[in-house]
Amino acid sequence: MLILISDAFAPDLPDRLARFGEVTDDKSRLPEAEVALVRSKTKCTKEWLDEAKAMKLIIRGGVGLDNIDREYAKEKGVNVHNTAAASSIAVAEVAFALMLAMPNHLIRGHNSMETGDWIKKELKRTELYGKTLGLLGAGRIGTEFGKRAEAFGMKVLAYDPYLTESEFELVDVDTLLAESDYVSLHMPLTDETKGMVNKDFIAKMKDGARIVNSGRGKCVVEEDVVEALKSGKLAGFATDVWYSDPPETNPFIGVDNVVMLPHLGASTKENMDRIGDIIVELLEEYYPDKE
Ligand code: NAD
């Protein structure tokens, strides 16, 4: 059996998987591979699946399955799994770092010290304590993020049309937007959530509110956010995620009050180790004779 490691995983993963078969990272061997390990970079499209003639199992290290044509995979009898629970803490922590960076001017403060400018008087901070956070999506990551916000003394509201109960007060989206000082995206990319953060959405937000996006880039209409930052309607936008990795165009370059990361949400060592553990467990389930 050939296992294709198509994206970046923990360095010790090939050794851990050796007992199940041959392990390769040579993508030209896709037609021979029975198992593929992907993250978000590999796009498992119809064409990719047609080329993967021997494929039986795709494991997506991480949560979002929007890079995999699951319907077509199902038609072709290819099983698809993710490692959903592994990444929650890693993403919640990076989202929290993004949220903290904005009112504390971490980027401008740091850059000013690099250039020798002392802009202490210009940089007015505000506290997270006592502010309201609105979660869009209160699943695994949203919940971990919300718990951290509560520990900082924030009030946490959540909008999640698919939940009837949550650790946080569930409200409708308009109430959430009207009351939140920070809005954080933790829903999947779906037809419903694509472009959800647009002009109309932003117009319903509090003046001077801030957005954190550690969910999916395409949930946001970037140009509308840029316009709102320039007009002062939004006081900040911090994002880990993009329309593509890396972005082909980036309208946030040079815009004030933006914090940008190159999709680091899942990239902790601990998460990579947990993903490796789940992959081994899944392969043990599918190939019990290789124990
Ligand atoms: P989850 O399935 O546990 O939670 C997602 C929640 O979103 C669910 O409760 C669902 O009901 C809710 N939801 C669905 N449609 C919604 C809508 N229209 N409005 C509001 N809520 C809606 O998933 P999770 O593990 O918490 O991950 C959430 C997302 O985070 C993933 O889908 C992925 O896109 C993103 N993610 C990003 C990174 C990163 O590196 N930045 C890493 C992992 C996951």
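Applying the criterion of being open to solvent by less than 30 Å² (accessible area, probe 1.4 Å) and not hydroxyl-bearing (S, T, Y) to the residues of region 161-185, the residue that is nearest to the ligand (Cβ to nearest atom) is L185. Among residues of region 115-153 being outside any loop (DSSP other than H, G, I, E, B), more than 16 Å from the ligand (Cβ to nearest atom) and without any contact (Cβ under 8 Å) to a residue 24 or more places away in the chain, the one that is farthest from S184 (Cα to Cα) is A151.
Yes or no, residue by residue, for (1) of a type in the set (F, W, Y); (2) at pLDDT 95 or above; (3) open to solvent by less than 10 Å² (accessible area, probe 1.4 Å):
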residue: I59; (1), (2), (3): no, yes, yes
residue: R70; (1), (2), (3): no, yes, no
residue: E75; (1), (2), (3): no, yes, no
residue: N79; (1), (2), (3): no, yes, no
residue: A84; (1), (2), (3): no, no, no
residue: I119; (1), (2), (3): no, yes, no
residue: K124; (1), (2), (3): no, yes, no
residue: Y129; (1), (2), (3): yes, yes, no
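From the list M196, M205, the lone residue that is surrounded by 22 or more Cβ atoms within 10 Å (Cβ to Cβ) and not basic (K, R) is M205.
Of all residues in region 251-262, those satisfying the criterion of being open to solvent by less than 40 Å² (accessible area, probe 1.4 Å) and closer than 21 Å to H105 by Cβ are F252, V255, V258, V259.
With the requirement that a residue be among the aromatic types (F, W, Y) and either open to solvent by less than 30 Å² (accessible area, probe 1.4 Å) or in contact with a Gly (Cβ under 8 Å, 6 or more places away or on another chain) (or both), what does region 141-160 give you?
Here is the first cut: in region 141-160, the residues among the aromatic types (F, W, Y) are 145, 152, 159.
Listed by number, the residues that qualify are F145, Y159.
Going by the conditions given, is A138 among the small types (G, A, S) and either under 20 Å from S87 (Cα atoms) or surrounded by 19 or more Cβ atoms within 10 Å (Cβ to Cβ) (or both)? Judged against the criteria, A138 is a match.
Need a quick list: strands (runs of 3 or more DSSP E) entirely within region 176-291 having at least 2 residues that are under 25 Å from P161 (Cα atoms) and either of a type outside the set (V, I, T) or touching a residue at least 12 places away in the same chain (Cβ under 8 Å) (or both). Break it down stepwise before answering.
Values: elements: 182-185, 209-213, 234-239, 258-260.
Of the strands (runs of 3 or more DSSP E) lying wholly inside region 176-291, those with at least 2 residues that are under 25 Å from P161 (Cα atoms) and either of a type outside the set (V, I, T) or touching a residue at least 12 places away in the same chain (Cβ under 8 Å) (or both) span 182-185, 209-213, 234-239.
The single condition among (1) under 19 Å from the mean Cα position of the chain (by Cα); (2) open to solvent by 50 Å² or more (accessible area, probe 1.4 Å); (3) within 19 Å of L261 (Cα to Cα); (4) modelled with pLDDT of 95 or more that D245 does not meet is (4).
The values are calculated or read from the model by the stated rules, or taken from the named source; none is laboratory data. The shown structure was predicted, so the numbers you read here are calculated from the model rather than taken from an experiment. Here the Cβ is made from the backbone with ideal geometry for all residues, glycine too, and neighbour counts use every protein chain on show. Keep in mind that these areas ignore ligands, DNA and RNA; they rest on the heavy atoms of the full protein, side chains included. Shrake-Rupley method; radii C 1.70, N 1.55, O 1.52, S 1.80 Å.
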